[in-house]
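**Q** I'd like to ask you about the structure that follows.
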Amino acid sequence: DGGGETAGFEPSGCVVANDISPRRCYFLVRRCAALGAATQALMVTNHHAQWFPNPEVPLFDVASRTKRRESKSLPEAASRYPEGAFDRIICDVPCSGDGTLRKNPQIWNEWRPEFAIGLHALQLRIALRGVALLKVGGYMVYSTCSFNPVENEAVVAALVEKCGGAVEIVDASDRVRGLRRRAGMTTWKVLTAEDEGAMTEWKTFEDTRREGATISPGLRRAFARSVFPPKASGVTKLGKRIKGPPLERCMRLVPHDQDMGGFFATLLRKVGPIPGPPPRRG
């Protein structure tokens, strides 16, 4: 009956579904409209995910109605690092999509390894914004439909590092016991295929910057240090103990394990507020 079972039900929260594509937003609204009252607590938005606004931050100083950019004394919620507003977030970022090869065979002719390098920075910005919008104690799933670790484990490792201990990778193995999955990668190769399809392996970020490197200017600009594997756990020559992020807790789903598409997913928990920059001296 289009949602009759939910008659009289008052939701305690809401679901916000955001997409950068107006077309996909329109299709989502059309599909959900058929559910009637079951989607009374659904909001569909069309916005750049990396700049998605925090609903807890007012646009105006409530007392003076002064715009944030013009106000010198703002409420605590309007600080540079305000508290998050969401309990749960699914951060499904744009990716190269090579995990969809079974249903999109044309990707075989279009795919190149450097696609991941070009998307890495955007994926990290979206993930960082997702964590900023998350409440302390809340959970976020970072996911792609890609196999490339540059879009997957590299983004997760950079996210954990940049959040300065505010985010941890959760071992979700007990939550999806029936799901056939593979552990996340802790090391990987960074490859490009600009030279007529011949693969070039880049060992370090510095290699991409050296004079004479066979790399186009555009791709050189797209390279970031975070696309390379983080330092592994162990002890350095000076006796300093380092501990890399537990990337093995990430989940990789490959098509031939369960007759499905390829996916990557990681469950993250925000364990504290994101640390801001150090205070200015003087």
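**Q** According to a simple spin-label model (label point 7 Å from Cα along Cα-to-Cβ), what is the distance in nm between Leu42 and Thr204?
**A** Roughly 5.2 nm, to one decimal.
**Q** Once you've got the Cα coordinates, tell me which of Lys103/Lys135; Lys135/Lys162; Lys189/Lys270 are over 27 Å apart.
**A** Lys103/Lys135; Lys189/Lys270
**Q** Take peptides 161-167, 136-142 and line them up by average Cβ neighbours within 10 Å, highest first, as a rough protection proxy.
**A** Sorting 161-167, 136-142 by mean packing, highest first, produces 136-142, 161-167.
**Q** What span do the alpha-carbon atoms of segment 75-152 cover on each of the three principal axes, reported in whole Å from largest to smallest?
**A** Taking the Cα atoms of segment 75-152, the three principal extents are 53, 21, 16 Å.
Every number here is computed from the coordinates shown, using simple stated rules; none is lab data. Bear in mind that the values here come from a model prediction, so they are computed numbers and not experimental data. Here the Cβ is made from the backbone with ideal geometry for all residues, glycine too, and neighbour counts use every protein chain on show.
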